[in-house]
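Participant: First the structure, which I've put down as C-alpha cells, then a few questions once you've had a look.
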Amino acid sequence: MKLVSNDTEILVKELGMGVSRYNTNIEFNDEDALLVCVMNLLLMEKGTFPDIPDMGFGIRERRHFILSGTNISDMNVELNEQIRKYINSTSITSASVSARKLPTGDETVDVTIVMDTNERIVFSDDNKDITISTSDTGMKDFDK
C-alpha cells in the first residue's frame, strides 16, 4: 500500500497482479486499495515475509480450529491488531470474525469489515473458495 499526497488530500494506491489493456499493472485507489490490502492480510500466512514474521491472519487455516467463543474472541483481537499495525487506516471503522456452520456440518470463519462509508465487506471461506460480498456490489468470487 502506498500513500500519495497531493495538495488537497492523501490518496491510497495499491498495485494488483493483473495487467491492464495498456500492459501496465492494474492500480487500485482509495477504498478499493484498502480492500485489496485487507484481503492480502487475511490470506497471508504468518512468516510469508521473513522481515515481518508476524504479518498475516491466515483465514484459510482458521477453519481447522474448534471455533469456541474464546477462539473467536482471540481471533477478533488478532484481526484488529493486524489491521491496526499493518494497514492503520481510519477508513476501516471495525473488523470482526464470526463462525458459521456449512451445509456439510463443517465450521468456517467469516470476516466482516465495516468502512467509514458504512459499507460492509464480508470475506467468507466455504472451504473451497474465498467469497467477498459487499453491501453495494453483491458477490465477487476469488478462486483459491
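Participant: Considering each of N127, N88, N71 in turn, give the residue that is among the polar types (S, T, N, Q), at pLDDT 80 or above and either more than 13 Å from L35 (Cα to Cα) or surrounded by fewer than 16 Cβ atoms within 10 Å (Cβ to Cβ) (or both).
Facilitator: N71
Participant: Under 7 Å between Cβ atoms, which residue pairs at least 6 apart in sequence (or on different chains) link something in segment 91-103 that is within 13 Å of V38 (Cβ to Cβ) and in contact (Cβ under 8 Å) with a residue 12 or more places away in the chain with a partner that is surrounded by fewer than 16 Cβ atoms within 10 Å (Cβ to Cβ) and among the charged types (D, E, K, R)?
Facilitator: Taking only residues 6 or more apart or on different chains, the pairs are S91/D116; T93/D116.
Participant: Right, another one. I'd like to know if segment 76-92 contains one or more residues that are assigned to a strand (DSSP E or B) and either of a type in the set (A, V, I, L, M, F, W, C) or within 12 Å of the chain's Cα centre (by Cα) (or both).
Facilitator: Yes; the residues of segment 76-92 include at least one that is assigned to a strand (DSSP E or B) and either of a type in the set (A, V, I, L, M, F, W, C) or within 12 Å of the chain's Cα centre (by Cα) (or both).
Participant: Further, regarding this structure: How many residues are of a type outside the set (S, T, Y), surrounded by fewer than 18 Cβ atoms within 10 Å (Cβ to Cβ) and touching a residue at least 60 places away in the same chain (Cβ under 8 Å) when one looks only at segment 104-124?
Facilitator: 1
Participant: Let me ask something else. Quickly run through segment 107-137 and pick out the residues that are among the basic types (K, R) and closer than 22 Å to N88 by Cα.
Facilitator: Passing the criteria: only R120.
Participant: Additional query: Where residues in segment 30-46 are closer than 14 Å to Q82 by Cβ and surrounded by 18 or more Cβ atoms within 10 Å (Cβ to Cβ), which of them is modelled with the lowest pLDDT?
Facilitator: L34
Participant: Which is surrounded by fewer than 17 Cβ atoms within 10 Å (Cβ to Cβ), within 17 Å of I132 (Cβ to Cβ) and in contact with a strand residue (DSSP E or B) (Cβ under 9 Å, 6 or more places away or on another chain), of R62, R100? I'd like the intermediate steps shown before the answer.
Facilitator: Numbers: R62 fails: surrounded by fewer than 17 Cβ atoms within 10 Å (Cβ to Cβ).
Matching residue, one of R62, R100: R100.
Participant: So, one more: Taking the condition at pLDDT 80 or above, of a type in the set (A, V, I, L, M, F, W, C) and loosely packed, with under 13 Cβ neighbours inside 10 Å, does F49 pass? Talk me through it step by step, then tell me what you get.
Facilitator: Details: at pLDDT 80 or above: yes; of a type in the set (A, V, I, L, M, F, W, C): yes; loosely packed, with under 13 Cβ neighbours inside 10 Å: yes.
Against the criterion (at pLDDT 80 or above, of a type in the set (A, V, I, L, M, F, W, C) and loosely packed, with under 13 Cβ neighbours inside 10 Å), F49 qualifies.
The values are calculated or read from the model by the stated rules, or taken from the named source; none is laboratory data. What you see is a predicted model, and the numbers here were worked out from it, not measured in a lab. Every residue, glycine among them, receives a Cβ derived from its backbone with ideal geometry; neighbour counts consider all protein chains shown.
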